[in-house]
Amino acid sequence: AVISYPGCGGEDLVLRKGFDIVVREEIILPQAGEIVICTDNLDDPDRGRINDNDEVILSNLGNPLNFSMTYYHSDEDAQSGTNQIVDAENYIPDSFPEIIFVRVENNLTGCYGVTSFMVREGEVLELDLKDSAICTNYTLTSLPENQRYIKYEVLNPLNHSIVTEVVDDPENETILPIGFYNIYIEIESIDGCKEEFSHKISVIPCQIPK
(Lines give C-alpha, C1' and ligand atoms only; values in the text may rest on other atoms or scores of the structure.)
Protein backbone atom coordinates (compact mmCIF):
# COMPACT_ATOMS: atom_id res chain seq x y z
CA ALA A 1 0.00 0.00 0.00
CA VAL A 2 1.26 3.47 -0.86
CA ILE A 3 0.11 6.77 0.70
CA SER A 4 1.34 10.08 -0.77
CA TYR A 5 1.25 13.49 1.01
CA PRO A 6 2.01 16.78 -0.79
CA GLY A 7 5.38 18.12 0.42
CA CYS A 8 7.29 21.38 0.28
CA GLY A 9 9.52 22.19 -2.67
CA GLY A 10 7.56 19.99 -5.04
CA GLU A 11 8.53 16.73 -3.35
CA ASP A 12 5.77 14.56 -1.94
CA LEU A 13 6.04 12.50 1.21
CA VAL A 14 5.49 8.90 0.26
CA LEU A 15 4.74 6.15 2.79
CA ARG A 16 4.87 2.51 1.77
CA LYS A 17 3.57 -0.45 3.81
CA GLY A 18 3.84 -4.02 2.62
CA PHE A 19 1.35 -6.78 3.48
CA ASP A 20 0.60 -10.31 2.36
CA ILE A 21 -2.61 -11.54 0.75
CA VAL A 22 -3.34 -15.20 1.41
CA VAL A 23 -5.82 -16.92 -0.91
CA ARG A 24 -7.12 -20.15 0.54
CA GLU A 25 -9.18 -22.91 -1.02
CA GLU A 26 -12.93 -23.15 -0.81
CA ILE A 27 -13.99 -26.60 0.33
CA ILE A 28 -17.20 -27.64 -1.40
CA LEU A 29 -18.72 -30.87 -0.12
CA PRO A 30 -21.40 -33.01 -1.79
CA GLN A 31 -24.77 -33.70 -0.19
CA ALA A 32 -24.54 -37.25 1.16
CA GLY A 33 -27.46 -39.65 1.23
CA GLU A 34 -29.30 -40.74 4.34
CA ILE A 35 -27.88 -43.36 6.69
CA VAL A 36 -30.11 -46.19 7.94
CA ILE A 37 -29.18 -47.77 11.27
CA CYS A 38 -30.51 -51.20 12.20
CA THR A 39 -30.86 -51.03 15.97
CA ASP A 40 -32.00 -54.61 16.51
CA ASN A 41 -28.43 -55.97 16.32
CA LEU A 42 -25.83 -53.37 17.20
CA ASP A 43 -23.02 -55.94 16.96
CA ASP A 44 -23.68 -56.45 13.24
CA PRO A 45 -20.81 -54.79 11.31
CA ASP A 46 -23.29 -53.90 8.55
CA ARG A 47 -25.90 -52.31 10.83
CA GLY A 48 -25.23 -48.78 9.51
CA ARG A 49 -22.95 -46.12 11.04
CA ILE A 50 -22.81 -42.35 10.70
CA ASN A 51 -19.34 -42.51 9.14
CA ASP A 52 -20.55 -44.72 6.27
CA ASN A 53 -20.76 -41.56 4.14
CA ASP A 54 -17.08 -40.67 4.54
CA GLU A 55 -16.00 -41.83 1.09
CA VAL A 56 -18.81 -39.91 -0.64
CA ILE A 57 -18.15 -36.71 1.33
CA LEU A 58 -14.43 -36.80 0.55
CA SER A 59 -14.90 -37.73 -3.11
CA ASN A 60 -14.42 -34.16 -4.43
CA LEU A 61 -11.18 -33.51 -2.55
CA GLY A 62 -7.75 -33.97 -4.08
CA ASN A 63 -6.00 -35.88 -1.31
CA PRO A 64 -8.38 -37.15 1.38
CA LEU A 65 -5.42 -37.93 3.67
CA ASN A 66 -4.91 -34.19 4.14
CA PHE A 67 -8.36 -33.77 5.66
CA SER A 68 -9.96 -34.63 9.00
CA MET A 69 -13.66 -35.26 9.58
CA THR A 70 -15.67 -34.55 12.71
CA TYR A 71 -19.38 -35.00 13.39
CA TYR A 72 -21.88 -32.74 15.19
CA HIS A 73 -25.51 -32.42 16.22
CA SER A 74 -25.95 -28.90 14.80
CA ASP A 75 -24.61 -26.64 12.07
CA GLU A 76 -23.55 -24.09 14.69
CA ASP A 77 -21.33 -26.62 16.46
CA ALA A 78 -19.89 -27.80 13.14
CA GLN A 79 -19.02 -24.25 12.11
CA SER A 80 -17.31 -23.54 15.42
CA GLY A 81 -15.79 -27.01 15.80
CA THR A 82 -17.24 -27.53 19.28
CA ASN A 83 -19.21 -30.31 20.98
CA GLN A 84 -18.30 -32.93 18.42
CA ILE A 85 -19.63 -36.49 18.53
CA VAL A 86 -16.73 -38.34 20.12
CA ASP A 87 -17.24 -41.93 18.94
CA ALA A 88 -18.76 -41.66 15.47
CA GLU A 89 -18.14 -45.35 14.73
CA ASN A 90 -20.48 -46.49 17.49
CA TYR A 91 -22.81 -43.49 17.80
CA ILE A 92 -26.55 -44.25 17.98
CA PRO A 93 -28.98 -41.31 18.06
CA ASP A 94 -31.13 -41.00 21.17
CA SER A 95 -34.12 -40.48 18.89
CA PHE A 96 -34.78 -40.83 15.17
CA PRO A 97 -34.58 -39.23 12.72
CA GLU A 98 -31.58 -36.98 13.36
CA ILE A 99 -29.60 -34.66 11.07
CA ILE A 100 -25.86 -35.14 11.45
CA PHE A 101 -23.48 -32.35 10.44
CA VAL A 102 -19.97 -33.14 9.19
CA ARG A 103 -17.03 -30.74 9.28
CA VAL A 104 -14.21 -31.52 6.85
CA GLU A 105 -11.05 -29.55 7.59
CA ASN A 106 -7.81 -29.26 5.66
CA ASN A 107 -5.06 -30.15 8.12
CA LEU A 108 -2.56 -27.98 6.23
CA THR A 109 -4.53 -24.75 5.72
CA GLY A 110 -7.27 -24.87 8.36
CA CYS A 111 -9.93 -24.28 5.71
CA TYR A 112 -13.10 -26.31 6.20
CA GLY A 113 -16.48 -27.12 4.76
CA VAL A 114 -19.68 -28.41 6.36
CA THR A 115 -22.31 -30.77 4.99
CA SER A 116 -25.11 -32.81 6.54
CA PHE A 117 -27.24 -35.91 6.08
CA MET A 118 -30.24 -37.60 7.67
CA VAL A 119 -29.99 -40.63 9.96
CA ARG A 120 -33.07 -42.78 10.47
CA GLU A 121 -33.90 -46.09 12.13
CA GLY A 122 -34.26 -49.06 9.83
CA GLU A 123 -37.39 -51.18 9.71
CA VAL A 124 -37.15 -54.58 11.41
CA LEU A 125 -39.57 -57.31 10.33
CA GLU A 126 -41.01 -60.08 12.47
CA LEU A 127 -41.71 -63.73 11.74
CA ASP A 128 -44.40 -65.65 13.61
CA LEU A 129 -42.90 -69.14 13.75
CA LYS A 130 -44.52 -71.81 15.90
CA ASP A 131 -43.22 -75.17 17.04
CA SER A 132 -45.07 -78.03 15.40
CA ALA A 133 -45.19 -81.80 14.94
CA ILE A 134 -45.27 -83.33 11.46
CA CYS A 135 -45.85 -86.88 10.30
CA THR A 136 -43.19 -88.89 8.43
CA ASN A 137 -41.05 -86.06 6.99
CA TYR A 138 -40.75 -82.28 6.74
CA THR A 139 -39.81 -80.25 3.65
CA LEU A 140 -37.98 -76.94 3.81
CA THR A 141 -40.31 -75.18 1.42
CA SER A 142 -39.23 -72.23 -0.71
CA LEU A 143 -39.21 -68.90 1.15
CA PRO A 144 -39.98 -65.36 -0.06
CA GLU A 145 -37.07 -63.43 -1.58
CA ASN A 146 -36.39 -61.53 1.63
CA GLN A 147 -36.07 -64.73 3.70
CA ARG A 148 -33.57 -67.57 3.80
CA TYR A 149 -32.78 -70.65 5.82
CA ILE A 150 -29.70 -69.99 7.94
CA LYS A 151 -29.30 -73.50 9.30
CA TYR A 152 -31.06 -76.35 10.99
CA GLU A 153 -29.96 -78.30 14.05
CA VAL A 154 -30.53 -82.01 14.52
CA LEU A 155 -31.50 -82.71 18.14
CA ASN A 156 -30.86 -85.74 20.31
CA PRO A 157 -34.12 -87.72 20.30
CA LEU A 158 -33.87 -88.40 24.04
CA ASN A 159 -32.68 -84.94 25.10
CA HIS A 160 -33.75 -82.11 22.81
CA SER A 161 -31.39 -79.65 24.47
CA ILE A 162 -28.43 -81.51 22.90
CA VAL A 163 -27.54 -80.69 19.29
CA THR A 164 -26.00 -83.62 17.43
CA GLU A 165 -25.51 -81.99 14.02
CA VAL A 166 -25.69 -78.54 12.40
CA VAL A 167 -26.39 -78.02 8.71
CA ASP A 168 -25.66 -74.48 7.46
CA ASP A 169 -27.41 -72.84 4.48
CA PRO A 170 -29.69 -75.77 3.66
CA GLU A 171 -31.26 -75.72 0.21
CA ASN A 172 -34.95 -75.23 -0.42
CA GLU A 173 -36.95 -78.44 -0.75
CA THR A 174 -34.59 -80.29 1.60
CA ILE A 175 -36.53 -83.18 3.15
CA LEU A 176 -35.96 -83.87 6.83
CA PRO A 177 -36.67 -87.44 7.95
CA ILE A 178 -38.07 -88.56 11.30
CA GLY A 179 -36.30 -86.67 14.06
CA PHE A 180 -36.28 -83.40 15.98
CA TYR A 181 -34.98 -80.13 14.55
CA ASN A 182 -34.46 -76.46 15.29
CA ILE A 183 -34.85 -74.49 12.07
CA TYR A 184 -33.44 -70.95 11.76
CA ILE A 185 -34.77 -68.41 9.27
CA GLU A 186 -33.48 -64.92 8.52
CA ILE A 187 -35.75 -62.16 7.26
CA GLU A 188 -34.46 -58.89 5.74
CA SER A 189 -36.42 -55.63 5.51
CA ILE A 190 -36.30 -53.19 2.62
CA ASP A 191 -33.83 -51.16 4.73
CA GLY A 192 -31.42 -54.08 4.87
CA CYS A 193 -32.09 -54.83 8.55
CA LYS A 194 -31.90 -58.56 9.26
CA GLU A 195 -33.47 -60.55 12.06
CA GLU A 196 -33.19 -64.24 12.91
CA PHE A 197 -36.02 -66.46 14.13
CA SER A 198 -36.27 -70.16 14.91
CA HIS A 199 -38.81 -72.84 15.61
CA LYS A 200 -38.77 -76.51 16.55
CA ILE A 201 -40.07 -79.17 14.19
CA SER A 202 -40.77 -82.68 15.46
CA VAL A 203 -41.03 -85.23 12.66
CA ILE A 204 -42.68 -88.29 14.07
CA PRO A 205 -43.85 -91.65 12.70
CA CYS A 206 -47.58 -91.74 12.22
CA GLN A 207 -49.67 -94.90 12.00
CA ILE A 208 -52.12 -95.07 9.14
CA PRO A 209 -55.49 -96.38 10.34
CA LYS A 210 -56.38 -99.77 8.86
To the nearest Å², the heavy-atom accessible area per residue of segment 133-190 with 1.4 Å probe amounts to 61 Å²
Taking the convex hull of the alpha-carbon atoms of the chain and averaging its shadow over every direction gives an area in square nanometres of 19.9 nm²
Amide H contacts under 5 Å for LEU58, restricted to residues at least 5 apart in sequence or on another chain and with H modeled in the peptide plane, are none
For ALA32, the residues 5 or more places away or on another chain with a placed amide H closer than 5 Å to its own amide H are SER116
On the accessible surface of segment 157-210, probed at 1.4 Å with all protein chains in place, carbon and sulfur together account for a percent value of 53 percent
Non-local residues with an amide H under 5 Å from the amide H of LEU125, with H modelled 1.01 Å from N and Pro and chain starts lacking one, are SER189
Proximal lysine pairs in the chain, meaning Cα under 20 Å and 8 or more positions apart or interchain, come to 5
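The values are calculated or read from the model by the stated rules, or taken from the named source; none is laboratory data. Computed from a predicted structure; not experimentally measured. Accessible surface is based on the protein model in full, side chains and every heavy atom, while ligands, DNA and RNA are left aside. Shrake-Rupley method; radii C 1.70, N 1.55, O 1.52, S 1.80 Å.
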